[in-house]
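Here's the structure we're looking at; comments come further down.
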Amino acid sequence: IEATEAEEARRGRLTPQEKIVEDRTQLQRQLDQDPAVALLLQRCQQTPYSRLPCSASECLVDQAGRNYQAATSRHRILVDTAYGDSYHIPCLEAMIDLPRLAPSRFMLDTRPCRWNHNAPWRWGFMFQQWFEHSGRVDLAKITTYFKEADAYLKERDDWSTRYIEWQLTHRECKTNCGASECGPEPSSPERPNIGDYTTEGGSDGKVCPLSDVLKHTDSWRHVMPWI
């Protein structure tokens, strides 16, 4: 009991940053000693009255109070199911290099969720690619693709209307297609291509923090099925 009280007193004298450093060292030791330990990013059921518990001694979300983002309350990082420790993304991000662990020891949780009708959560494209490329993704490039995809869908709807009208007119047409009475067949819009969305420099490129993906308004979106 005395040893426990002494340890609590010692921890109480540490600054928040010193506590984070100690927690980082302890967690890193845990990962080094047991190669089987893996971190899982989980999407959790949102509750209106409570936030997810956090094992960090200095919880950044608690410190933010009501200013914490809704997305933070729906995601947690579980440090192996055997240990049961879980952290908010910003809290664990302050303690350890998450991109370095992805995707071999830091993964998306793809197990069935009871709250999701026993189906796995379908992670958005940004999340999937962040893990696949160890954080080296350019969110601005992916956002540009989504904007181009939205514009394409609108253009395709407009083209579909013009094409149907052209078909109805051409059915009664007695001249060659393209004549003044009929007009040329409307050309379909060009599908967008997502292209290269990784950061410049390949494996040495700039790393995007996972918290940036978490708070991005397009993080839930998926690429169009034609890609």
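Bear in mind these aren't lab numbers, they're just calculated from the coordinates by the rules spelled out. Treat the numbers as computed from the prediction; the structure is a model and nothing was measured. Cβ atoms come from the backbone with ideal geometry, glycine included; neighbour counts cover every protein chain shown.
Please sort 139-147, 127-135 by packing, taking for each peptide the average over its residues of neighbouring beta carbons within 10 angstrom, highest first. Working shown, then result.
On the way: 139-147: 16.2, 127-135: 21.0.
Top of the packing list down: 127-135, 139-147.
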Quick check on packing: order 159-167, 72-80, 105-113, 8-16 by the mean number of other C-beta atoms within 10 Å, highest mean leading.
72-80, 105-113, 159-167, 8-16
Amide proton proximity set for residue 75, modelled H, under 5 Å, gap of 5+:
44
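What is the Cα radius of gyration of segment 1-122 over 2.2 N^0.38 Å, N being its residue count?
Working: Rg = 15.8 Å, N = 122, 2.2 N^0.38 = 13.7 Å.
Cα Rg divided by the expected 2.2 N^0.38 Å: 1.15.
Please report the net charge: other residues with Cβ closer than 12 Å to the Cβ of residue 14, K and R +1, D and E -1. Please list the in-between numbers first.
Details: positive: 10, 11, 13, 19; negative: 7, 8, 18, 22, 23, 58.
My count for the surroundings of residue 14 gives -2.
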Using the charge dipole of segment 1-122 (Lys, Arg: +1 at Cβ; Asp, Glu: -1 at Cβ; taken about the Cα centre), state which of 73, 90, 25 has its Cα farthest towards the positive end.
73
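Quick one, can you get me the convex hull of the C-alpha atoms of the chain expressed as volume per residue in Å³?
Details: hull volume 43.5 nm³, N = 227.
Roughly 192 Å³ of hull volume per residue.
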Rank 35, 103, 90 by mean-square fluctuation in a GNM of the chain with C-alpha springs under 10 angstrom and give only the top-ranked residue.
35
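Rounded to the nearest 500 deg cm²/dmol, what is the calculated helix-only ellipticity per residue at 222 nm for the chain, with -39500 (n - 2.57) per DSSP H run of length n ≥ 4? Present the calculation step by step, with values, prior to reporting the outcome.
Numbers: 8 runs with 90 residues, N = 227.
Calculated mean residue ellipticity at 222 nm is -12000 deg cm²/dmol.
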Helix 139-171 versus the longest principal axis of the chain: what is the Cα-based angle in degrees, 0 to 90, to the nearest 10?
20 degrees
